[in-house]
Structures are given as C-alpha cells and as structure tokens.
Amino acid sequence: MELNLKRPLVFFDLETTGTNVASDRIVEIALVKVMPDGSIHTRPEKPGKENRFLINPQMHIPTETSMIHGVYDEDVKDAPTFGDVASKLFKFIHDCDLGGFNSNRFDIPLLAEEFLRVGVDFSIEGRNLIDAQVIFHLMEQRTLSAGYKFYCGKSLDDAHEALPDTMATFEIFKEQIKRYEGQSAKDIRTKKSFEIQNDMEKIHAFCQRNRHADLMGRLVYNDDDQVVFNFGKYRGMPVKDVLKKDAGYFGWMMQGDFPNYTKKVLKELKENL
C-alpha cells in the first residue's frame, strides 16, 4: 500500500557513541525520504544512492558500543564531522515529517542536540513525529494481561492484585518453556545466541541480556569480565582503575542519588583494590 502523505516523510536511524542524548555523538546516520508521490530518496548529496553516512564524532567510540553497531574509531577518522554535513542534512529534512524506531525518545532528541551544537536552529515545530516502536508497543502490548492472553488463552480479570498476577506469571513461564524449548534467539545487542531449555541456570543466562554488576546497570561487566562504569565521564572504564586515579569519584557516588545496591557493589570493589 502507498502511504497517504501530504508532505515528505523522512525515516532515519542513528548509530552513536552511546545513549546519553546530551553528551553522546552521532557516528552514522541513514535517511530514507518518502515523497508524497511514493518515490524514495536516501543520501542527501546523492539521492537514490548509498544511504550509509558516516560521521566523525570527534570523540572516542567506546569499544563495547562499536561491537554493537560495528562502527569503530578507525572507520570514522577521515569522515566529515557533523558540522561539515549539518547544512546538507538540514536541507534534506527541511519541511519534512520525521520517523524512526524509538525515534521520539532517542534519535530525534539527539539529532536536535547535534544541530543546535553547531548553531543550526533545528525545530520540531509543525512536524509530525512518527515512532514505529510506539505503535508496536501499543498494538502488541507486552503487559502481563496481554501475555496471559497470548500464552494461556485466558483473561486476567484481577490484574494488579499480587496473588493473581503471581499465579499468571507462573502459568506464562510454564507455557513459554513448553512453546520455546529447543528454540534459539539471537540478542541483537550482544550478537550472542541463546537456546531456551528447561533448566533454570540456562534460563537465567538467557534473561541476563546485559551483564550487570549491580541491579540498575550503572556498573557492568565488559568482555574481559572487568566491572566498568556504564555512565558518565568514565563510561567504559574499569571501576578499579578509576577509583585508583580519582578517589573523589567514589565519594561523589556514595553521597549521590544512586541505588544502595550500586553503592554496595562499588564499596566492595574499592575494598578489594
């Protein structure tokens, strides 16, 4: 089917140095402009051609991030900066609606930051913002009630009451094992494949998509099994190395608004220096 468009709609996706909208940078952008007549344009300076558009973020791309999206420092060292391409990008999306997947929460805010950082007065005023993830989550809900209906074919009439919710979760889990045992799934972030087995240790590994050292993901394990910071100016750096060279950072975290469990893990790491 053809989309009913009153003006061009630009779908785009960003690969970045991280997930902090305020401080991280774009390393790659892909854009597809759908015109009201149904025709499609991609790269700003070469319409209809290659849509991969690398950008030098002028900062180090953390290795763990590069392993997710495949863009390393070496790939962008000779690429233009965002400032170099900002005018072309701005012209490409001028008077267009914008769309993506999780774009309202991440891609559009980060793109706006990049434009404003180089003095381009980007605005979403008057634009329609289309987020396919929002539609997906609304139409294919991932609530407990929806899961109970999907897996068990039952309605959860007493949703949000503790005991019915608990029993429904138990029934869902049994049906999941029955349905998926022996099947594999690949984590798009870690690139690792997991097989569902009726074994709680294996299920535990399947559920641990992110190897958190704490519970909230402020401290995570890297590929060398070192605990590293997952936020802030020391993102990606081993906690023990940071605490040795910046003792004040420990005090800042211990007095800051961090979960107690995060502080507990941090304290244990410091004690084992």
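A short reminder: the numbers here are calculations on the coordinates, not readings from a lab. Everything quoted here is computed from the prediction, not taken from an experiment. So basically every Cβ, Gly included, is an ideal-geometry build from the backbone, and we count neighbours across all protein chains shown.
In the Gaussian network model of the chain, springs joining C-alpha atoms below 10 Å, which of 138, 98, 163 carries the largest mean-square fluctuation? For the chain, modelled as a Gaussian network with Cα springs under 10 Å, the answer is 163.
Which residue fluctuates the most in the chain, going by a Gaussian network model with Cα springs under 10 Å, if the choices are 170, 53, 106? Looking only at 170, 53, 106, the largest GNM fluctuation is found for 170. Here the Kirkwood formula puts the hydrodynamic radius of the chain at 22.2 Å, using every distinct Cα pair. The charge dipole of the chain, taken about its Cα centre with unit charges on the Cβ atoms of Lys, Arg (+1), Asp and Glu (-1) only, comes to about 200 debye. Short-range pairs are left out: with C-alpha atoms under 8 Å and at least six residues apart, the relative contact order of segment 1-142 is 24 percent. The residue among 145, 167, 185 whose Cα reaches farthest toward the positive pole of the charge dipole of the chain, with charges on the beta-carbon of Lys, Arg, Asp and Glu, is 185.
Cross-link pairs exceeding 25 Å in C-alpha to C-alpha distance, out of 233/270; 154/202; 186/267; 174/202, comprise 154/202; 186/267. Note on the chain: GNM, Cα springs under 10 Å; of 26, 93, 61, the largest mean-square fluctuation is that of 93. Here the Debye sum runs over all C-alpha atoms of segment 168-273 as equal scatterers in vacuum, and log10 of I(q)/I(0) at q = 0.10, 0.17, 0.22 Å⁻¹ comes out as -0.41, -0.83, -1.10.
Shown here is the pair-distance distribution of segment 219-271: with all Cα-Cα distances grouped in 5 Å bins from zero up to the longest one, the shares run 4, 20, 34, 30, 9, 2 percent.
Across the chain, C-alpha contacts under 8 Å between residues 6 or more apart give a mean separation that, scaled by the residue count, equals a relative contact order of 11 percent. Calculated mean residue ellipticity at 222 nm for the chain: -11000 deg cm²/dmol, from DSSP H runs with n ≥ 4 weighted as -39500 (n - 2.57), summed, divided by the residue count and rounded to 500.
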